[in-house]
Amino acid sequence: MTADEIVEQILDAFAKCGHFDYGENISMEEHMLQTAFLADENDEKDNVVVAALLHDFGHLICNMPNNIFQEGGDNHHEELGAKALQEWFEDDIVDAVRLHVDAKRYLCAANPKYKDKLSEASITTMAIQGGPMNKREMLAFRRKKGHRIAIRIRAYDDCGKMPEMRRPGLNYYIPKIKKCLS
């Protein structure tokens, strides 16, 4: 598969499902673009920016209703996204996508005040996703490759939920996506 074909598949997923409500008064696409923008604005390397952009890719391809969490279900978007992206990207991006939910759980366990920073929707999803980690889970998380990038992406994820944020469009990230393809 060529770089252009991979980018086309990614863009198609955004076109088909990016408009879904994210539960934060913005669309899924808007949230993902804001997360990437915040990483880019903080001078992160391209692999971190691309991981931030694609961290919720699993939501775009899961073929489940976008209100799955409100119904008490979990679409396991982090695993779906990582599995889909692993054939195109290096492990650092795939691991960060896979671990971004666990990073939220870890941060809430490591610093109980962190939960105060989360939106209502993130608190709801965290309960469905397993709640704050216990000490054994925290230790296991810290041993996983990619956990540091996942923690950084989590910070951008938590802030990328502002309806009024001005940021570049999806096409801005195409060169970074192509650069990061394996």
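Within region 148-170, being within 13 Å of the chain's Cα centre (by Cα) and either outside any loop (DSSP other than H, G, I, E, B) or without any contact (Cβ under 8 Å) to a residue 60 or more places away in the chain (or both) holds for Ile149, Ala150, Ile151, Arg152, Ile153, Arg154, Ala155, Tyr156, Asp157, Asp158, Cys159.
Of note, Lys176 satisfies the criterion of being in contact (Cβ under 8 Å) with a residue 40 or more places away in the chain and either buried (at least 18 other Cβ atoms within 10 Å of the Cβ) or not in a loop (DSSP other than H, G, I, E, B) (or both). When we screen Glu78, Glu137 for residues that are under 25 Å from Asp21 (Cβ atoms), of a type in the set (D, E, K, R) and assigned to a helix (DSSP H, G or I), the only hit is Glu78.
So which residues in region 1-54 are assigned to a loop (DSSP other than H, G, I, E, B), crowded, with 17+ Cβ neighbours inside 10 Å and touching a Pro at 6+ places or on another chain (Cβ under 9 Å), if there are any at all? So that I can check it myself, show each step before the final result.
So in region 1-54, the residues assigned to a loop (DSSP other than H, G, I, E, B) come out as 1-2, 18-20, 22-26, 42-45.
Within this subset, residues satisfying the condition of being crowded, with 17+ Cβ neighbours inside 10 Å are 18, 22-24, 26, 44.
Those that are assigned to a loop (DSSP other than H, G, I, E, B), crowded, with 17+ Cβ neighbours inside 10 Å and touching a Pro at 6+ places or on another chain (Cβ under 9 Å): Glu24, Ile26.
Filtered by the rule that a residue be acidic (Asp, Glu), modelled with pLDDT of 60 or more and either more than 13 Å from the chain's Cα centre (by Cα) or closer than 21 Å to Glu5 by Cβ (or both), region 61-90 gives Glu87, Glu90.
Checking each residue in region 1-50 for being closer than 14 Å to Asp157 by Cα and among the hydroxyl-bearing types (Ser, Thr, Tyr) picks out Tyr22, Ser27, Thr35.
The values are calculated or read from the model by the stated rules, or taken from the named source; none is laboratory data. This structure is a prediction, so every number in the text was calculated from the model and none was measured. Reconstructed Cβ throughout: ideal geometry from the backbone, glycine too, with neighbour counts over all protein chains shown.
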